[in-house]
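Novice: This is the structure I want to talk about, given as structure tokens.
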Amino acid sequence: MKPHVTFWGVAGVGLVWNLIGCLNYVAQTSPEAVAQMSEVAQVMITGRPAWATGAFAVTVFGGAVGCILLLLRRRTAVWMLGAGVLGSLGTAYFTAGVLGMVPSVALATLISMALFWYGTIALRKGWLH
């Protein structure tokens, strides 16, 4: 079955969102880039445990791969987007424990959940194979 035109927009915007997250993740691995961030950001990044860094990676890379798979209309997109939700929840848990709930982290978590939800809708409608 052919997907609705909004499917391509949601998947495309979701991919761009997650690619920006991937760039953010890569920037946080650069000591030079981290040195130019605010003091709070530096403390968060340098003091972050490995599991929280891993959760961040799963969020952005899982979401990006999930959106690419959506654009390719593959069923496995839902699994990757689900992994992105789990990573996002881990990231939110860590951030909330250190800084309290930060609006940008809450927004990122909601977007990952929305993309997963949309993926399940696409699967039920037969748009993915």
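The values are calculated or read from the model by the stated rules, or taken from the named source; none is laboratory data. Here the structure is a predicted model, which is why all the values come from computation and not from measurement. Accessible surface is based on the protein model in full, side chains and every heavy atom, while ligands, DNA and RNA are left aside. Shrake-Rupley method; radii C 1.70, N 1.55, O 1.52, S 1.80 Å.
Novice: Among the residues of the range 105-121, write down those that are of a type in the set (S, T, N, Q) and under 12 Å from the mean Cα position of the chain (by Cα).
Specialist: T109, S112
Novice: If we keep just the residues of the range 1-38 that are hydroxyl-bearing (S, T, Y) and part of a helix (DSSP H, G or I), which is most open to solvent (accessible area, probe 1.4 Å)?
Specialist: The qualifying residue most open to solvent (accessible area, probe 1.4 Å) is T6.
Novice: Among the candidates A52, A41, A83, which residue alone is part of a helix (DSSP H, G or I), hydrophobic (A, V, I, L, M, F, W, C) and within 13 Å of the chain's Cα centre (by Cα)?
Specialist: Among A52, A41, A83, only A83 is part of a helix (DSSP H, G or I), hydrophobic (A, V, I, L, M, F, W, C) and within 13 Å of the chain's Cα centre (by Cα).
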